[in-house]
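S.K.: Sharing a structure, written as structure tokens. Questions coming.
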């Protein structure tokens with residue numbers, strides 16, 4: 001995956017001629033996350049090669065959360081219809097979390113367990129198709145996300161008493177979007193459906209989960225290359241089930257302010 005991203009970057013830089021477009025985006029969510037994005041698009045004749053870099057800060061700019069590097073290629077089938085394969089990798093800033101717990105057994109023996117949980121990179125492969133008719137537009141996207149996390153538990157009084165587990169996580173994500181370009185504002189709605197599964201190696205077990213999100217977005221068109229926007233996301237309950245039974249989580253809805261500048 002990383003080699004493919006590098007090859008795409010080198011290929012774009014060595015192209016003999018192209019027209020380039022840049023975009024910078026900043027977003028602030030009500031949940032305390034700030035996202036910075038930079039995108040560069042090349043016109044290569046057969047279509048458009050896109051390269052993107054995204055960095056997310058959390059806790060109101062106090063901590064770094066993750067960085068995403070991505071690429072896409074847009075095939076303009078007609079003036080109003082396109083198909084766009086996409087690749088990306090998300091790398092967490094704090095991939096390792098360490099902790100310890102002490103307790104006394106029934107035989108009065110004190111035991112201390114050190115634990116380390118490592119979050120892996122998330123690799124994303126997707127394809128998007130879009131169609132416009134007049135000022136209206138629709139699009140559909142499917143994306144497959146995969147990640148491997150690791151958990152290690154070690155008994156400090158007995159080095160042989162060490163347990164480990166691997167979590168193979170995968171998510172199938174579908175986006176369906178519809179919108180309309182008015183003179184002063186563009187409005188759109190996006191439905192997101194996610195089906196996820198986490199298989200636990202070395203221990204056994206599996207957890208599955210599903211959720212829906214509904215995004216409503218309005219973008220101002222009266223400021224030239226500057227595009228301010230607001231977005232409100234309604235999140236449904238996350239239903240999960242596994243070896244330990246069923247669970248339902250109710251996440252908070254998210255309000256976001258953003259701005260995109262094209263140059």
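S.K.: Please go through segment 161-183 and give me each residue that is at pLDDT 95 or above, in contact with a strand residue (DSSP E or B) (Cβ under 7 Å, 6 or more places away or on another chain) and over 19 Å from residue 123 (Cα atoms), ordered by number.
M.R.: Selection gives 176, 177, 178, 179, 180.
S.K.: Kindly list the number of the only condition in (1) at pLDDT 95 or above; (2) in contact with a strand residue (DSSP E or B) (Cβ under 7 Å, 6 or more places away or on another chain); (3) surrounded by 14 or more Cβ atoms within 10 Å (Cβ to Cβ) that fails for residue 155.
M.R.: (1)
S.K.: In segment 232-263, how many residues are in contact (Cβ under 8 Å) with a residue 60 or more places away in the chain and either surrounded by 16 or more Cβ atoms within 10 Å (Cβ to Cβ) or more than 22 Å from residue 58 (Cβ to Cβ) (or both)?
M.R.: Number of matching residues: 8.
S.K.: Let me ask something else about it. Looking at segment 240-263, which of its residues are in a loop (DSSP other than H, G, I, E, B) and either within 20 Å of residue 29 (Cα to Cα) or touching a helix residue (DSSP H, G or I) at 6+ places or on another chain (Cβ under 7 Å) (or both)? Show your work before the answer.
M.R.: Pass one, segment 240-263, residues in a loop (DSSP other than H, G, I, E, B): 243-244, 250-253, 263.
The answer is 250, 251, 252, 253.
S.K.: When you scan segment 52-67, how many residues do you find that are closer than 15 Å to residue 25 by Cα and buried (at least 18 other Cβ atoms within 10 Å of the Cβ)?
M.R.: Qualifying residue count for the region: 4.
S.K.: Of the conditions (1) part of a strand (DSSP E or B); (2) over 30 Å from residue 86 (Cα atoms), residue 187 fails just one. Which one is it?
M.R.: Residue 187 satisfies all of (1) part of a strand (DSSP E or B); (2) over 30 Å from residue 86 (Cα atoms) except (2).
S.K.: Working only within segment 41-56, note down all residues that are in contact with a helix residue (DSSP H, G or I) (Cβ under 8 Å, 6 or more places away or on another chain) and within 25 Å of residue 92 (Cα to Cα).
M.R.: Here is the first cut: in segment 41-56, the residues in contact with a helix residue (DSSP H, G or I) (Cβ under 8 Å, 6 or more places away or on another chain) are 42, 44, 49, 51.
51, the sole residue that qualifies.
The values are calculated or read from the model by the stated rules, or taken from the named source; none is laboratory data. All of these numbers come straight from a predicted model, not from anything done at the bench. Note that each Cβ is placed from the backbone with ideal geometry, even for glycine, and that neighbours are counted across all protein chains shown.
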